[in-house]
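The values are calculated or read from the model by the stated rules, or taken from the named source; none is laboratory data. Bear in mind that the values here come from a model prediction, so they are computed numbers and not experimental data. Keep in mind that these areas ignore ligands, DNA and RNA; they rest on the heavy atoms of the full protein, side chains included. Shrake-Rupley method; radii C 1.70, N 1.55, O 1.52, S 1.80 Å.
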Amino acid sequence: MSAADAARLPSLLTALRLPTIKRLWPGITEQSDKEGWPATRLLATLAELELADRSQRRIARHMEQARLPAGKRLDGFDFAAVPMVSRAHVQALATGDRWLASGQNLLMFGPPGSGKTHLAAALGRELIEQGYRVLFTRTTDLVQRLQTARQELNLPGALEKLDKFDLLILDDLSYVEKDQAETSVLFELISTRYERRSLLVTANQPFGQWDRIFPDPSMTVAAIDRLVHHAVIFEMNVESYRRRGAAARVAKPAEEVESDTVK
Ligand code: ADP
Ligand code: MG
């Protein structure tokens, strides 16, 4: 090995942004020399390692940007608790394929504790692992941010930034306050993404009570229209998962309760 080449390599690889090759080349080239690899094999091996690492780094970056609530996974979701939601359907949605490409929406309705946030976050995680970009946000937080952007005359810019996400998860839409200015940014968001970019909306309240969210009834109708036009709807009308767990613990004899893990 030429000492001069070896000395130049780290800065060349930094300039080319090839961190994995930069980290691994000493070991791989040594092995290649020892085993007499053809040069193409060495080159292909290094390129493959860089590519695999790059895709991992990308997914890790997207996972961080998504701000998903921690620890909510599909394999930790008890589908038996929500019989109206089929595991197969959720698994199909988790591949992303058709619905994200055509900007379809997923709406989840159900009382508090029915598992909407868990299922939404778990789906988001799966989709990121498939290479999609996702942002999870409480709807009230996002509305606040868009409202600030509007005050700074930058609402279109803020909406455009959200376009990079294949899926925007709006958790607890029904907590948005009925306030003319605030809720019209929510309407803008829904309109901007309509038929282009997907939304996953969770809400405690069914549509019938959405006039409490939007400033006037015609805007409520228009928003719902756009959301449901191409949408899958999960009606998760089940008792709170937390409360069920508590009831099951109370029903058990005392020593069993002690060994039970409390959620
Ligand atoms: P929601 O968003 O509908 O109010 P959450 O998703 O926050 O409900 O669920 C409340 C708690 O119960 C969370 O800790 C969640 O992980 C858990 N949970 C709810 N439904 C399920 C389920 N079907 N399987 C496993 N955990 C669940
Ligand atoms: Mg929730």
Overall dimensions of segment 1-60 by Cα: Rg and Dmax, Å: 12.1, 37
Residue-normalised accessible area of segment 43-170, expressed per residue, 1.4 Å probe, Å²: 51
Cα long-axis angle, helix 116-129 against the chain (0 to 90 degrees, to the nearest 10): 20
Using alpha-carbon coordinates, inclination of helix 180-193 to the longest axis of the chain, degrees: 50
Base-10 log of normalised Debye intensity for segment 35-88 (one unit scatterer per alpha-carbon) at q = 0.14, 0.29 Å⁻¹: -0.66, -1.05
Dimensionless Rg ratio for the chain, taking C-alpha atoms and the 2.2 N^0.38 Å reference: 1.34
With Cα atoms, 0 to 90° folded angle of helix 241-251 axis to the chain main axis: 80
Share of Cα-Cα pairs in segment 95-165 lying beyond 17 Å, as whole percent: 55
